[in-house]
Amino acid sequence: TPDGEYITFHKRPTRHMATGDIASNGFDLPGVPWVLYITEKGISFHGTYWHNDYGRPRSHGCINLTPQAAKWLFRWTTPTVPSDKEFVYGFVGTSVDIKV
């Protein structure tokens, strides 16, 4: 995850995440829960159901959380996703300061 100051500007309760060739270094993950994007390139906080090795680098830059922790963070941060919407997108949100 790159150092920097960000905001949680794009949030989705769930997202299908996929990239590249799965046989080499790609991934295909349906239903990734509680996604909070902090960069336009896709870096986000999100729930992770495919491992439980938290606190160690193992993603493509995202911050992996337990689904329960991701849900809490999703509900605590702004902007709020209305119940009748699939997502919210806008350059206002909760400040995030990442230092590695």
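Ordered from longest to shortest, the equivalent ellipsoid semi-axes for the chain are 21, 16, 13 Å, each the square root of 5 times a Cα gyration tensor eigenvalue.
For the chain, averaging the sequence separation of C-alpha pairs within contact (under 8 Å, six or more residues apart) and dividing by the residue count gives a relative contact order of 38 percent. Only lysine pairs 8 or more places apart, or on different chains, with alpha-carbon atoms under 18 angstrom apart are counted in the chain, and they number 4. Amide H to amide H distances under 5 Å link Ser44 with Ile38, Cys62, Ile63, where only residues 5 or more positions off or on other chains count and H is placed in the peptide plane. Across the accessible surface of the chain, with the other protein chains kept in place and a 1.4 Å probe, carbon and sulfur atoms take up 55 percent.
Please calculate how many Å² of accessible area the chain carries per residue, with a 1.4 Å probe and no DNA, RNA or ligand atoms counted. Each step should come with its number before you reach the end.
Details: 6500 Å² over 100 residues.
On a per-residue basis, 65 Å².
Highest mobility in the GNM of the chain, judged by mean-square fluctuation with C-alpha springs under 10 Å and restricted to Ser44, Ser59, Ser83, is found for Ser83. Mind pulling the angle between the C-alpha long axis of helix 67-76 and the longest principal axis of the chain? Nearest 10 degrees, somewhere in 0 to 90. Helix 67-76 and the main axis of the chain meet at about 20 degrees.
The values are calculated or read from the model by the stated rules, or taken from the named source; none is laboratory data. The structure displayed is predicted, hence computed values, not measured ones. Note: areas computed on protein heavy atoms with side chains; ligands, DNA, RNA excluded. Shrake-Rupley method; radii C 1.70, N 1.55, O 1.52, S 1.80 Å.
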